[in-house]
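Inspection log for the structure reproduced underneath, given as structure tokens.
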Amino acid sequence: MEINIENVSMTYPDGKQALKSLSLNLRSPGMIGLLGPNGAGKSTLMKLLVAALLPTSGAIRVDGVPLEKAERELKAQLGYLPQDFGLFDELTVTEFLDYMAALKGLKNPKAHIWEIIRTVNLAEKAKAKIRTLSGGQRQRVGIAQALLGTPSLLIFDEPTVGLDPEERIHFRNLFSRAAQNSLVLLSTHIIEDVQSVCDHLVVIDGGAILFAGTPEQLIGIAAGHVGTFWEKEAAREQGLMITARINTGQGVRCRGVADRLPACVKPEEPTLEDAYLYLTSGEVTG
Ligand code: ADP
Ligand code: MG
């Protein structure tokens, strides 16, 4: 599957422009991390991809076919977890997944539903009403419904919100396994969620793409722009965005990014997080 997003803009009825002439190609299989601060336009882009919203201008093509025409075929092979996913509180986990499987038109879904319940570690809660579940368990029900029917396109909007660190690791592995045969698009503002599992990263901010490429390429952008320094020495230096502060016996040691590193800064190898912060801090020029 290949999805081409061409010059897509989206302005909401109240006049807010959420996406500005955005172009992007997504190809399966693979796992793509969509990164960006709150309000960047991640959810809007995902809603456009699942045809829940229509772009104000521009085109989205699925395997060459305009999304308006491919909508039915796309939805048959789509799993989507919206950011604000309402659950049916009075249903049990199994009843809810049964219902979602029926909506997806799955035939004889019982064994498949059980397999998914086990995949998301909810076997003990299969007969529990959704109302009684914790935030993390509810999020896992949301992930489970997206996995129904083993879709070839999986779109997860901030799927790790509410999960504890152990669950986050579990799901990272699960998403990356799904990405062996499918196209998985996952939005987050947590770098650890995409580090080491996504083969491609897209960073958006203000409705525009700041970066699209591999994690290594993103790290490369920050090369020469990251370093550590003593807070007292750099107090009056301009242009440093502090990304970490460590209290030591000798004072506060900081890590920061800057377009031009001041002389007091000791250059360091950038991490993915440094690169992301450098990119979204607006320090990148040219
Ligand atoms: P993200 O998911 O990256 O946090 P969103 O796509 O939700 O970003 O939002 C992008 C921008 O569009 C934000 O400024 C947000 O306030 C605005 N926005 C989102 N949904 C609506 C809506 N239904 N009506 C008007 N503005 C919206
Ligand atoms: Mg969002």
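Values quoted throughout were computed directly from the atomic coordinates according to the rules given, and no laboratory measurement underlies them. What you see is a predicted model, and the numbers here were worked out from it, not measured in a lab. Neighbour counts are summed over all protein chains in view; Cβ atoms, including those assigned to glycine, are modelled from backbone coordinates with ideal geometry.
Given springs between every Cα pair under 10 Å in a Gaussian network model of the chain, which of Val257, Val184, Val265 has the largest fluctuation?
Highest fluctuation among the options: Val265.
What's the tally of Lys pairs in the stretch 1-159 whose alpha-carbon atoms lie under 17 angstrom apart, where the two lysines are 8 or more places apart or on different chains?
Pairs that pass both the separation and distance tests number 10.
Tabulate in residue order the Karplus-calculated ³J(HN,Hα) for the stretch 71-79, using 6.51 cos²θ - 1.76 cosθ + 1.60 with θ = phi - 60°, rounded to whole Hz; enter x for Gly and Pro.
Result, ordered by residue: 4, 5, 5, 5, 5, 5, 10, 10, x Hz.
Among Gln217, Ala258, Gly162, which residue has its Cα positioned farthest towards the positive end of the charge dipole of the chain, with +1 placed on the Cβ of Lys and Arg, -1 on the Cβ of Asp and Glu, and the dipole taken about the Cα centre?
So the residue furthest toward the plus end is Gly162.
What is the set of long-range amide H partners of Leu19 at a cut-off below 5 Å, with H atoms built 1.01 Å from backbone N?
Residues meeting the criterion, in which the H sits 1.01 Å from N, are Met10.
Which whole-Hz ³J(HN,Hα) couplings does the stretch 258-264 yield from phi under the Karplus relation 6.51 cos²θ - 1.76 cosθ + 1.60, θ = phi - 60°, glycine and proline marked x?
So the Karplus estimates, Gly and Pro as x, are 7, 4, 10, 6, x, 4, 6 Hz.
In Å, what is the Rg of the alpha-carbon atoms in the stretch 93-158, and how long is Dmax?
My reading of the Cα-based Rg and Dmax gives 11.2, 32 Å.
So if I place +1 on the C-beta of Lys and Arg and -1 on the C-beta of Asp and Glu, and nothing else carries charge, what would the dipole magnitude of the chain be about its Cα centre? I want it in debye, nearest 20. Could the numbers behind the result be given before it?
On the way: 29 positive and 33 negative charges, 109 e Å.
Using Cβ point charges on Lys, Arg, Asp and Glu, the chain gives about 520 debye.
Using the Karplus curve 6.51 cos²θ - 1.76 cosθ + 1.60 with θ = phi - 60°, what ³J(HN,Hα) values do you get for each residue of the stretch 97-111, in whole Hz, with x for Gly and Pro?
These are the phi-based 3J(HN,Hα) values: 5, 4, 5, 5, 5, 5, 4, 7, x, 6, 8, 6, x, 3, 5 Hz.
Out of Ile113, Met46, Met1, whose Cα points farthest toward the positive end of the dipole of the chain (charges: +1 Lys, Arg; -1 Asp, Glu; placed on Cβ)?
It is Ile113.
Over the stretch 1-152, what relative contact order in percent results from Cα pairs under 8 Å that are six or more residues apart? Walk me through the numbers before you get to the answer.
Details: 201 pairs, mean separation 34.8, N = 152.
RCO, the stretch 1-152: 23 percent.
With both bridge residues required to lie in the chain, what share of the DSSP beta bridges run antiparallel, to the nearest 5%? All intermediate terms of the calculation are to be shown ahead of the outcome.
Details: 34 of 53 bridges.
Of the beta bridges lying entirely in the chain, close to 65 percent run antiparallel.
Determine, from the Cβ-Cβ distance of Ile242 and Arg27 and an R0 of 45 Å, the FRET efficiency 1/(1 + (r/R0)^6), rounded to the nearest 0.05.
Numbers: r = 38 Å, r/R0 = 0.83.
For Ile242 and Arg27, the calculated efficiency is 0.75.
Please report the relative contact order for the stretch 202-286, taking Cα pairs under 8 Å with a sequence separation of at least 6, and give it as a percent rounded to a whole number. Don't skip to the end; give the middle numbers.
Values: 143 pairs, mean separation 29.6, N = 85.
RCO, the stretch 202-286: 35 percent.
With a cap of 16 neighbouring Cβ atoms within 10 Å, and only residues DSSP puts in a loop, list the GluC sites (Glu not before Pro) found in the stretch 1-106. Let's see the in-between values first.
Working: sites: Glu2, Glu6, Glu68, Glu71, Glu73, Glu90, Glu95; in loops: Glu90.
When the GluC sites (Glu not before Pro) of the stretch 1-106 are filtered for loop state and at most 16 Cβ neighbours within 10 Å, Glu90 remain.
Counting only residues 5 or more places away or on other chains, whose amide H sits under 5 Å from the amide H of Val252 once H atoms are built in the peptide plane?
Here the answer is Glu231, Lys232, since their amide H atoms fall under 5 Å of that of Val252.
Could you list Thr248, Thr150 in order of exposure, starting from the residue whose Cβ has the fewest other Cβ atoms within 10 Å?
Numbers: Thr248 8, Thr150 15.
With the sparsest Cβ surroundings first, the list reads Thr248, Thr150.
Could you pull out every one of the aspartates and glutamates with an alpha carbon less than 17 Å from that of Lys266, ignoring same-chain neighbours closer than 8 positions?
Within reach: Glu231, Glu233, Glu237, Asp274.
Nearest 0.05, what FRET efficiency do Val161 and Ala263 give at R0 = 35 Å with Cβ-Cβ as r?
Values: r = 42 Å, r/R0 = 1.19.
For R0 = 35 Å, the calculated efficiency reads 0.25.
Looking only at Pro13, Pro270, Pro165, which one moves most when the chain is put into a Gaussian network model with springs between Cα atoms under 10 Å?
Taking springs between Cα atoms under 10 Å, the residue moving most is Pro13.
Taking a label point 7 Å from the Cα of Ala102 along the Cα→Cβ vector, which residues of the stretch 121-140 have an amide N closer than 20 Å to it?
Answer for this model: 126-131.
Asp205's amide H: which non-local residues (gap 5+, or another chain) put their own amide H closer than 5 Å, with H modeled 1.01 Å from N in plane and none for Pro or chain starts?
Hits under the 5 Å cutoff: Leu210.
For Cα pairs less than 8 Å apart in space and 6+ apart in sequence, what is the mean separation divided by the residue count of the chain, i.e. the relative contact order in percent?
Working: 550 pairs, mean separation 58.8, N = 286.
Averaging sequence separation for qualifying contacts and normalising by length gives 21 percent for the chain.
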